[in-house]
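Please read the structure below before turning to the comments.
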Amino acid sequence: MAKPFDRRSFMRLSAASLGAGALLRFMPFGTTVNGSTLGTLLGARNGEAPGPFSIVQLSDTHVGFQGPPDPLGTKAFERAVDAVNALDPQPDLILFTGDLTHDSEDPAEHAKRFAAFKTISGRLRVKKRMHVPGEHDAALDGGTLFREHFGETHYSFDHRGVHFVALDNVSAGKPIVGAEQIAWLKKDLARYPKTAPIVVFTHRPLFDLKPEWEWFTSDGDEVMNVLAPYDAVTVLYGHIHRLNHTTLGKSQHYAARSLIFAFPEPPATSTADKKPLPFDKTQPFRNLGIREITGNGARHTLSVNDVELTSRELSGTEGVQQILKTGDFL
Amino acid sequence: MNTFNKFLIASLLTLLLAAATVVVAQTGTPPRVVEISAKKFEFTPNVVTLKKDEPVTIHFTSTDRAHGLLVKAFKIDLDADLGKPADVTITPHEAGSFAAICDHYCGSGHGNMKMTFVVE
């Protein structure tokens, strides 16, 4: 792997990318509220004091995928694991936002891919790892294999003064959350004040980003209606294999890069084919990347930093100039 | 069959005929039916031409497994499985080309399983 990768280099790369237009974003997280009061409330639920936190989001590893455009297999995933392991200090937890595996018609083969995913993710030094399924993990079997390996496909937990919600919008076979899960979400959130910082992590976008490419959730509006009363909602998702930041009302929605191949900016025409960006052997990890989310549950702050795997510190094959190119990011 | 039963059946048939006449009178010609069949990972046909403001019934079938037919522009969201077709009647009011996709995940080629509705 490349030279040791500490948090200082991560932040420096993020700052460099900000100069290119757009990477580092800082979002006030319920700034009108008394953080200590809310923090005490959230902390009291799990005995964990609100305070600074650091999370890594990894997405769309597609273990088992073989074929064009990307001949790398799991190499980007493994490189990301090395990069995260080199962070000092280590993040508190890691969120995987779906398509951990690539599906197979053969359940035994798909099970092997889940096992291969766990072998690689098991090398992460961070032991607190949370997962939601993507359609390639769960749409063909309704989530049976996913549950065997990772438990329920939707759940919630509190961490450092922030309420985290995992939503499943894939295992019904269609891009839908479903009435039962939405009812659960209402009940889950009812315990919290409207000022509670909330991070939702899921696979598909919860809004119509590009429906013709199935970049949407059919009942995403209903989900967002449930979340609308809350002042500080951040949604982290994958699926689209590229960065995207969208503001809907008071909520911020961030799509992560994948760790297998990238999709291009969708063209305006509704009938255009969805084709991955071509693989460039001189820049093998271009458009693939990892995300760090840092914040403070007591102060209600949160920032999202995205770093491409082509950064010199990560790959050893590309320079920082790579991530300074205008147009690399939304 | 006694006289009363014969009278009853004749009356029922008369009523049914009258009801059918009323329906036809009210609705005119039944909508044209367009057949769309799905299998991994394609629709047949993959282009359907409709006429603006003409009602049409979409009869959606599958020849292998569960598939979806989603056309946001027409608010169509059908699901069909082997032996379980689905129907919907629509009237397009806007000319143009409209994308339809399978929104029921059906395997690795699912991502580009799509077709086009052309409204003239």
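Quick note: the coordinates plus some simple rules give every number you see, no bench work behind them. All values derive from a computational prediction rather than experimental measurement. Ideal geometry is used to build each Cβ from the backbone, glycine not excepted, and the neighbour counts take in all protein chains shown.
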Once you sort the root eigenvalues of the Cα gyration tensor of region A:119-190 as a ≥ b ≥ c, which label holds: rounded (a/c under 1.5), prolate (a/b larger than b/c) or oblate (the other case)? oblate
Charge-dipole axis of region A:13-267 as Lys and Arg at +1 and Asp and Glu at -1 on Cβ define it, positive-most pick from A:Gln66, A:Ala166, A:Pro91: A:Pro91
Footprinting proxy, A:Leu259, A:Leu93: sorted fewest to most Cβ within 10 Å, the residues are A:Leu93, A:Leu259
A:Ser121 neighbourhood, Cβ < 14 Å, K/R = +1, D/E = -1, net charge +3
B:Ile76's amide H: which non-local residues (gap 5+, or another chain) put their own amide H closer than 5 Å, with H modeled 1.01 Å from N in plane and none for Pro or chain starts? B:Val71
Cα shape, region A:13-267, gyration tensor, a/c 1.5 rule: rounded
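Within 10 Å of each residue's Cβ, count the other Cβ atoms and sort B:Glu35, B:Glu42 from fewest upward.
If I rank by nearby Cβ atoms, fewest first, I get B:Glu35, B:Glu42.
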Spelling out what I want: for every residue of region B:104-120, take phi, set θ = phi - 60°, compute 6.51 cos²θ - 1.76 cosθ + 1.60 (Karplus), and round to whole Hz; glycine and proline get x. 10, 4, 10, x, 5, x, 4, x, 10, 7, 8, 8, 10, 9, 10, 10, 10
Order of B:Met113, A:Met130 from fewest to most other C-beta atoms within 10 Å? A:Met130, B:Met113
What are the lysines whose alpha-carbon lies under 26 Å from the alpha-carbon of A:Lys187, with same-chain residues fewer than 8 places away excluded? A:Lys128, A:Lys174, A:Lys250
According to the square roots a ≥ b ≥ c of the eigenvalues of the Cα gyration tensor, what is the shape class of region B:43-120, taking rounded for a/c under 1.5, prolate for a/b larger than b/c otherwise, and oblate for the remainder? prolate
Roughly how many nanometres apart are two label points built 7 Å out from the Cα toward the Cβ at A:Thr269 and B:Thr44? 2.6 nm
